[in-house]
Amino acid sequence: MSSMDKEPLFSAKNVKLLTTPLNDENPITVQVLGICSALAVTVKLEPAVVLAVAVVAVMGAANVIISVLRRTIPQRIRIIVQLVVIASLVILVDQVLKAFLYDVSRQLSVFVGLIITNCIIMGRLEAFALGNRVWPSFLDGVGNAAGYGWILIVVAFFRELLGSGTVWDYPVMEKLGLYTIGYENNGFMILPPMALITVGIIIWVQRSRNRKLIESK
Amino acid sequence: MEGLVNIFVRSVFIDNMVFAYFLGMCSYLAVSRTVSTANGLGIAVIFVLGITVPVNYLIENYFLSSGALAWLGAGFANVDLSFLSFIMFIAVIASMVQLVEMMVEKFAPALYSSLGIFLPLIAVNCAILGGSLFMQEREYANIAEASAFGLGSGVGFYLAIVGIAAIREKIRYSNVPGPLRGLGITFIVTGLMGIAFMSFMGIKL
């Protein structure tokens, strides 16, 4: 144990906790978790970024709390304890959003509440925070939330660019002068099914670059 | 009565949980490898949604929303507990799922063993919590409307998961490009099914 205590904060093992969820063990494209809330908020970039930040905050904090309490939580009621911790943190985030970013919180509608049932958070608490020390748990939480966040932001970027011709409400396509030469916004990108197809394409690109992720039949 | 049918049909086809809101995607993707397990999970979801949405409706309207505690006496008329709704909803859902699990174990042991871990996971299925949150957001007028919405959403989820399971059983014999195999093609097929379901949007009820 004493050697563990002297481990530097960003040792190779800890950095790995932070980076593998970004690619090799990405929560969305590889572990298939947390897709529910991931897709509906990706019509525009701003709510997607806000949701990603909210998930990073909730997940980092939830992992720390569960990791601190891990020796005192009885095995039988751990799911309810986890849900209560997550739900309380989400209430905090929800109230903060309503106070400072009211418009975005309207756009996110029920999806802030749905962070509670985001299976990534539950999954990481079960799989990691219950058995690990506080600092690695924090890194693991933040890493997984970031892996979730970047997919969200990439999907939102393409949907907003192709669907509304803007990026963060800045009219890119108009400034490039594409409308004058006959370009039109693809309204289809705003509709729900295109989020699924965009994620499908991200998975396709990611797996052809990282062939060890390819599934056997 | 007409209004109830309207809400039911809307929530099955037009506001379908999976295709219009992407709720319940995790279990939708994880349990849709074969039709038989998808069938079992779909029925369990119909059941849980059909119970929790009306129960949460009662809790919302008689305990949590602003002024809902007026029945306790004049002193409680200004109490607003709506910030507690997330935690109450999830508590109701968790206990209902526990109840369903015990009932399935008692009356349908075969289904119980085939569903395994996925039965308790219904508690963290976003379609279930989403049902209650949409019920709250849309402010249904009475408990009958809330029940129609809950049941309809469950049936919508059932249709979606059984449909994709049937397609995935067949797609196993197709020659899908390597990187797209499994998850990727499932996403794209779901997207295409979503486009098909969008054709219901034009229906005016």
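None of the figures in this text is laboratory data; all of them are computed from the coordinates on show. Values in this document were obtained by computation on a predicted structure and should not be read as measured data. In this analysis, Cβ positions are derived from the backbone assuming ideal geometry, glycine residues included, and neighbour counts consider all displayed protein chains.
Given only helices, namely DSSP H runs of n ≥ 4 each adding -39500 (n - 2.57), what is the per-residue ellipticity at 222 nm of the protein assembly as shown, to the nearest 500 deg cm²/dmol? Working shown, then result.
Details: 20 runs with 271 residues, N = 422.
Helix-only estimate at 222 nm: -20500 deg cm²/dmol.
Decide, for segment B:1-84, between rounded, prolate and oblate: order the square roots of the alpha carbon gyration tensor eigenvalues as a ≥ b ≥ c, take rounded if a/c falls under 1.5, and otherwise choose prolate if a/b is larger than b/c, else oblate. Numbers along the way, then the final one.
Values: a/c = 2.95, a/b = 2.20, b/c = 1.34.
Prolate is the answer for segment B:1-84, as a/c is 1.5 or above and a/b outweighs b/c.
List the residue ranges in chain B for DSSP H helices whose C-alpha atoms run 24 angstrom or more along the long axis and whose Kyte-Doolittle average is -0.5 or above. Before the final figure, lay out the partial values.
Values: long enough: B:35-59 (35 Å, 1.74); B:85-107 (32 Å, 1.64); B:143-171 (42 Å, 1.19).
Helix filter hits for chain B: B:35-59, B:85-107, B:143-171.
First select every other residue whose beta carbon is under 10 angstrom from the beta carbon of B:ALA38; then total the charges, Lys and Arg +1, Asp and Glu -1.
Working: positive: B:ARG33, B:ARG168; negative: B:GLU169.
After counting each charged neighbour, the total is +1.
Pulled fully out, how much extra length does the chain show between B:ALA166 and B:ASN78, if you take 0.36 nm times their separation in residues and subtract their Cα-Cα distance?
Working: separation 88, 0.36 × 88 = 31.68 nm, distance 5.25 nm.
Net length gain for the segment: 26.4 nm.
Mind checking which helices in chain A clear 20 Å along their axis (Cα) and have mean Kyte-Doolittle hydropathy of -0.5 or more, DSSP H runs only?
Values: long enough: A:45-69 (36 Å, 2.28); A:78-100 (33 Å, 1.96); A:134-164 (43 Å, 1.02); A:192-209 (27 Å, 0.86).
The answer, listed by residue number, is A:45-69, A:78-100, A:134-164, A:192-209.
Please list, in chain and number order, the residues 5+ apart from A:VAL167 or on another chain whose amide H is under 5 Å from its amide H, with Hs placed from the backbone.
A:VAL172
In whole angstrom, how far apart do the alpha carbon centroids of segment A:59-138 and segment B:21-85 sit?
Centre-to-centre distance over Cα atoms comes out at 19 Å.
For the protein assembly as shown, what does the alpha-carbon gyration tensor say about shape, rounded, prolate or oblate, given a ≥ b ≥ c as the root eigenvalues, a/c under 1.5 as rounded, and a/b over b/c as prolate? Walk me through the intermediate numbers first.
Working: a/c = 1.24, a/b = 1.06, b/c = 1.17.
Taking the square roots of the gyration eigenvalues as a ≥ b ≥ c, the protein assembly as shown is rounded.
Within segment B:133-205, report the chymotrypsin sites (Phe, Trp or Tyr not before Pro) that DSSP leaves as loop and that have at most 16 other Cβ atoms within 10 Å. Don't skip to the answer; put the middle values down first.
Numbers: sites: B:PHE134, B:TYR140, B:PHE149, B:PHE157, B:TYR158, B:TYR173, B:PHE187, B:PHE197, B:PHE200; in loops: B:TYR140, B:TYR173.
Passing both the DSSP loop test and the Cβ count: B:TYR173.
Quick one: if the Förster radius is 22 Å, what FRET efficiency do B:THR34 and B:VAL176 give, using the C-beta to C-beta distance and rounding to 0.05? Write down the numbers at each step before the final one.
Values: r = 18 Å, r/R0 = 0.81.
It comes to 0.80.
Once you place label points 7 Å from the Cα toward the Cβ at B:MET103 and B:ALA196, how far apart are they in nm?
3.1 nm
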